[in-house]
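Worksheet: one structure, shown below.
The values are calculated or read from the model by the stated rules, or taken from the named source; none is laboratory data. Keep in mind that what you see is a predicted model, and the values were worked out from it rather than measured. Here the Cβ positions follow ideal geometry from the backbone for every residue, glycine too, while neighbour counts run over all protein chains shown. Ligands, DNA and RNA are stripped out before the accessible areas are found, and what is left, the full protein with its side chains, is counted by its heavy atoms. Shrake-Rupley method; radii C 1.70, N 1.55, O 1.52, S 1.80 Å.
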Amino acid sequence: QDNSFEQFIINYCNEKLQQIFIELTLKEEQEEYIREGIEWTHIEYFNNAIICDLIENNQTGILAMLDEECLRPGTVTDDTFLEKLNQVCATHQHFESRMSKCSRFLNDTSLPHSCFRIQHYAGKVMYQVEGFVDKNNDLLYRDLSQAMWKANHSLIKALFPEGNPAKINLKRPPTAGSQFKASVATLMKNLQTKNPNYIRCIKPNDKKAAHIFNEALVCHQIRYLGLLENVRVRRAGYAFRQAYEPCLERYKMLCKQTWPHWRGPARAGVEVLFNELRIPEEEFSFGRSKIFIRNPRTLFKLEDLRKQRLEDLATLIGKIYRGWKCRTHFLLMKKCQVVIASWYRRYS
């Protein structure tokens, strides 16, 4: 119930993960339809980039102002940090505080004076400002690092590389918020170079008990995970898309004109294939470089036809092999019979 600095940076990481989820599953998918020349009606969704900017902006972000408070001379307290937030973020639509001189929250008794509230993508979260400055400082004194580095144990020495006298740095150690922000940035950069798959887990109840389905809890999770927007985009769009070359290579065996080799552009081959299979035109669209299939059942149909065709081809290969083997055996026996008969006639 009492959220402090630790929960704040955890929720910041969740915001960044949600942002990359939006980029890869909603924004990128709709942009792909436009790139491929597919007729598409844009579906609106909430982009939480504005919340990420509120937290991580280098000038006016909450983490930047927290670092500024930790580094500036003079008396620094959690209250001075909250006062700075109230000055800079007073008009931000996702920031709420009773001390921000904003008439919307002056009479909000659910929001104590020593707290601020952020409207995250998952809902509103209130943070107790007490302890923010001390926890963000997270100073490890230089002499302590040097003492730990001199330990004989290799693990302890490895945990305190800043204690190495050859690498003494007179700069102030980075704050906890800065370190976490850099770690999150590295994580996001790593994820953007990959092709991640998402598994969204829905908690049916808070009791960890079987056969209990809390509808309100489930609906709340579906909303804040962004699943409603994702389902809308998926249902309005295409369930499957693939480049023409691999698509033709996988299904060319289903059409006599494309099997075993298609002499021409891959897109033309896919068009011939789909016309031969009599797939309804509303079930697919041709992009500039990909084929888009709307319903999964169409893809399942293609896979079933391919599976049956593979079985037929396997039967055909087996039949030809057995015929070749029997004919080879027959010709060998015939040759042997001729040799035996010629030798028999010679001596008879």
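Projecting label points 7 angstrom from Cα along Cα→Cβ for Arg234 and His153 puts them 4.9 nm apart.
Computed over the chain with a Gaussian network model linking Cα atoms closer than 10 Å, the most mobile of Ile199, Ile222, Ile293 is Ile199.
For segment 242-347, what Kirkwood radius comes out of the mean inverse Cα-Cα distance, in Å?
On the way: mean 1/r = 0.0586 Å⁻¹.
Its Kirkwood hydrodynamic radius stands at 17.1 Å.
Rolling a 1.4 Å probe over the protein heavy atoms of the chain, with every protein chain left in place, gives an accessible area that is 56 percent carbon and sulfur. Amide H to amide H under 5 Å from Phe240: which residues, 5+ apart in sequence or cross-chain, H placed 1.01 Å off N in plane? Residues meeting the criterion, in which the H sits 1.01 Å from N, are Ile293. Between the residues Ser289, Cys52, Gln192, the greatest Cα displacement towards the positive end of the dipole of the chain, with unit charges on the Cβ of Lys, Arg, Asp and Glu, is found for Ser289. The sum of -39500 (n - 2.57) across all DSSP H runs of n ≥ 4, divided by the residue count of the chain, sets its helix-only mean residue ellipticity at 222 nm to -17000 deg cm²/dmol. Against the criterion of solvent-accessible heavy-atom surface with a 1.4 angstrom probe, Asp143, Asp312 sort, most first, into Asp143, Asp312.
Tell me, in nm to one decimal, what length is gained between Ile202 and Lys307 on full extension, where the rule is 0.36 nm per residue of separation less the Cα-Cα distance? Working shown, then result.
Details: separation 105, 0.36 × 105 = 37.80 nm, distance 3.45 nm.
That works out to 34.3 nm of additional length.
Here semi-axes √(5λ) of the Cα gyration tensor in Å was calculated from the structure, and among [x] 66, 32, 19; [y] 45, 23, 21; [z] 34, 24, 22 it sits at label [x]. What segment 195-348 shows is 75 Å² of accessible area per residue, with the surface traced by a 1.4 Å probe over protein heavy atoms. The residues of segment 1-150 expose, per residue, 52 Å² of accessible area to a 1.4 Å probe.
Is the shape of segment 8-151 best called rounded, prolate or oblate, per the rule: a/c under 1.5 gives rounded, else a/b larger than b/c gives prolate, else oblate, with a ≥ b ≥ c the square roots of the Cα gyration tensor eigenvalues? Before the final figure, lay out the partial values.
Values: a/c = 2.94, a/b = 1.44, b/c = 2.05.
Oblate is the answer for segment 8-151, as a/c is 1.5 or above yet b/c matches or exceeds a/b.
Note on segment 202-228 and segment 261-279: Cα centroid distance 45 Å, given to the nearest whole angstrom. Here the chain is treated with +1 on each Lys and Arg Cβ and -1 on each Asp and Glu Cβ, and its dipole about the Cα centre works out to around 3200 debye. Computed from phi, the 3J(HN,Hα) profile of segment 211-219 under the Karplus parametrisation 6.51, -1.76, 1.60 (θ = phi - 60°) reads 6, 10, 10, 8, 4, 5, 5, 5, 4 Hz, with x in place of Gly and Pro. Structural descriptor for segment 242-347: relative contact order 23 percent, calculated from alpha carbon pairs under 8 angstrom and at least 6 residues apart. Close amide H contacts of His120 (hydrogens built in the peptide plane, cut-off under 5 Å, sequence separation of 5 or more or a different chain): Val125. Take the Cα of Met333, step 7 Å toward its Cβ, do the same at Leu191, and the gap between the two points is 7.0 nm.
Which of rounded, prolate or oblate describes segment 109-258 when judged by the alpha-carbon gyration tensor and an a/c cut-off of 1.5? Oblate is the answer for segment 109-258, as a/c is 1.5 or above yet b/c matches or exceeds a/b.
Heavy atoms only, 1.4 Å probe, whole protein assembly: order Lys135, Lys319, Lys256, Lys189 by accessible area, highest first.
Details: Lys135 75, Lys319 120, Lys256 190, Lys189 145 Å².
Largest to smallest exposure gives the sequence Lys256, Lys189, Lys319, Lys135.
Only protein heavy atoms count here; under a 1.4 Å probe, His329 has an accessible surface of about 110 Å².
Each Cα pair under 8 Å and six or more residues apart adds its separation to the average, and for the chain the resulting relative contact order is 15 percent. Rolled with a 1.4 Å probe across the full set of protein chains, the surface gives Glu162 an accessible area near 80 Å². With springs connecting C-alpha atoms under 10 Å apart, model the chain as a Gaussian network and identify which of Ile118, Ile320, Ile34 has the largest mean-square fluctuation. Highest fluctuation among the options: Ile320.
Result for the chain in a Gaussian network model with C-alpha springs under 10 Å: among Gly287, Gly163, Gly61, the largest mean-square fluctuation is at Gly163. In order along segment 18-35, the Karplus-derived 3J(HN,Hα) couplings, from 6.51 cos²θ - 1.76 cosθ + 1.60 at θ = phi - 60°, round to 5, 4, 6, 4, 5, 4, 7, 10, 10, 5, 5, 5, 5, 5, 5, 4, 5, 4 Hz, and Gly and Pro are given as x.
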